[in-house]
Amino acid sequence: MVYNVSMVRMKITANEENQRLDRFLKKYYRNAPLSYIYKLLRTGVKVNGRRVPPNTRLTLGDELTIDISEEEQRAYLAREKPRASKRQFQVVYEDENLLIVEKPFGLLVHGTAEEGKETLSNQVMAYLIDSGAYSPDREKTFVPSPVNRLDHNTTGLVIFGKNAEALRSLSRMMGEKNFIRKYYLAIVHGEMKEEILLRDRMEKDREANKVRILDAGAEKGKLMVTRAKPLKRTNGFTLVEVELVTGRTHQIRVHLAEAGYPIVGDRKYGDRQRDAELLRKFPLKAQFLHAYRLVFENCLPPLDYMRGREFKCELPAGMKRVSEELFHGPKHEDKRRI
């Protein structure tokens, strides 16, 4: 088969700079096999008129030239159009760099083969395209992405970066200490009387999709740190504010359960026997865990202006009813100071 070879020219913009050349090409030609990408790197790609190593960092204004057939360019560059879907999230805050949304119950942040494409990320993408804040046709590799994840059945605040520089800064801020503080509300079994700091190492069982805390003194596994402060308590329950110091899978759920305060409604790490009576009264579908507050303590450029800002979102209606009836109803009100 004879292909018509042409030369593709492109300038590296702010959303593509600071990437390795090989990684840029993998994302740009996302439908191409890796063998083809490496063939291009050997014979068909130049940066500013020169052959360069695959690990070369691209900088703003670099010119790429790619020798590729017109047929392969069309096939490997093809982009699937985002599927229109009903918007289920609420916008909490938005500017030119970031978007903070409230994720509802039962929606994955990212998709899986089983779950398909009805995800928070895809809904946010459609929203940004409709508003004109993002155009897949203009972007070569950049896609607005979340920097924190919530479990399928955990509700609350999720942050998206709207451009590459902001996304890089947000990712670093979310992963390191003293930048963004993340707080959750949970109702747990047991009456917690004082603030506790939980610090352990964990490992994940991928087949069971569970994590377990390792024995004290273990050197393997990932460190997880959780701080829990009681807000209200009554009749064997406590409303707890939890600060997620590290961000491991199921961290809050397994940490509180291990400490003797399993989250109400948690079918994976909770206490089903103690849940049974409560769930007959309240139609909770999953664990009572809500990512309700974000505090931007310090910020990296270009997000310096966010320093000191705080964002909150209300409990969903079903959770609010449970909280109010447990802690504010005349039969349950706890007058003790905690």
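The values are calculated or read from the model by the stated rules, or taken from the named source; none is laboratory data. The shown structure was predicted, so the numbers you read here are calculated from the model rather than taken from an experiment. Reconstructed Cβ throughout: ideal geometry from the backbone, glycine too, with neighbour counts over all protein chains shown.
Structure values in brief
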item	result
Tally, over the range 37-55, of residues that are under 18 Å from Ser6 (Cα atoms) and either in a helix (DSSP H, G or I) or not charged (D, E, K, R) (or both)	11
Check on Met306, among the aliphatic types (A, V, I, L, M) and at pLDDT below 95	no
Residue within the range 54-70 that is without any contact (Cβ under 8 Å) to a residue 24 or more places away in the chain and out of contact with any Leu (no Cβ under 9 Å at 6 or more places or on another chain) present	no
In the range 123-159, the residues that are within 27 Å of Tyr184 (Cα to Cα), hydroxyl-bearing (Ser, Thr, Tyr) and in a loop (DSSP other than H, G, I, E, B)	Thr154
Test: residue in the range 272-280 that is under 25 Å from Asp151 (Cα atoms), touching a residue at least 40 places away in the same chain (Cβ under 8 Å) and either under 21 Å from the mean Cα position of the chain (by Cα) or in the same structural domain as Gly161 (by TED's automatic domain parsing) (or both)	no
Options Leu198, Leu223: the member that is hydrophobic (A, V, I, L, M, F, W, C), outside any loop (DSSP other than H, G, I, E, B), surrounded by fewer than 17 Cβ atoms within 10 Å (Cβ to Cβ) and not assigned by TED's automatic domain parsing to the domain that holds Leu150	Leu223
Extreme residue, surrounded by the fewest Cβ atoms within 10 Å (Cβ to Cβ), among residues of the range 175-195 that are modelled with pLDDT of 95 or more and closer than 26 Å to Cys299 by Cβ	Arg181
Pairs, first free of Cβ contacts under 8 Å to residues at least 24 places away in the same chain in the range 33-50, second among the basic types (Lys, Arg) and outside any strand (DSSP E or B), C-beta under 8 Å, six or more apart	Leu34/Lys26; Ile37/Lys26
Qualifying position, being farther than 20 Å from Gly247 by Cβ and touching a residue at least 40 places away in the same chain (Cβ under 8 Å), among Lys193, Lys177	Lys193
Boolean, Pro262 is surrounded by 14 or more Cβ atoms within 10 Å (Cβ to Cβ), at pLDDT 95 or above and either within 22 Å of the chain's Cα centre (by Cα) or of a type in the set (D, E, K, R) (or both)	no
Boolean, Ala216 is of a type in the set (A, V, I, L, M), more than 20 Å from His290 (Cα to Cα) and either in contact with a helix residue (DSSP H, G or I) (Cβ under 8 Å, 6 or more places away or on another chain) or part of a loop (DSSP other than H, G, I, E, B) (or both)	yes
Subset of the range 35-47 (residues that are within 14 Å of Tyr76 (Cα to Cα) and surrounded by fewer than 10 Cβ atoms within 10 Å (Cβ to Cβ))	Ser35
Qualifying residue in the range 229-240 (condition: closer than 30 Å to Leu326 by Cβ, assigned to a loop (DSSP other than H, G, I, E, B) and outside the structural domain of Glu17 (by TED's automatic domain parsing))	yes
Given (1) over 19 Å from the mean Cα position of the chain (by Cα); (2) in the same structural domain as Cys313 (by TED's automatic domain parsing), index of the condition Ser131 fails	(2)
Residue under evaluation Arg274, criteria (1) part of a helix (DSSP H, G or I); (2) of a type outside the set (A, V, I, L, M); (3) out of contact with any strand residue (DSSP E or B) (no Cβ under 8 Å at 6 or more places or on another chain); (4) surrounded by 14 or more Cβ atoms within 10 Å (Cβ to Cβ), criterion not met	(3)
The range 140-172, subset free of Cβ contacts under 8 Å to residues at least 40 places away in the same chain and small (Gly, Ala, Ser), residue surrounded by the fewest Cβ atoms within 10 Å (Cβ to Cβ)	Ser171
Hits in the range 117-139 (condition: small (Gly, Ala, Ser) and either in contact (Cβ under 8 Å) with a residue 24 or more places away in the chain or closer than 14 Å to Arg79 by Cα (or both))	Ser121, Ala126, Ala133, Ser135
Members of the range 205-219 that are modelled with pLDDT of 90 or more and either of a type in the set (Lys, Arg) or not assigned by TED's automatic domain parsing to the domain that holds Glu258 (or both)	Lys210, Arg212
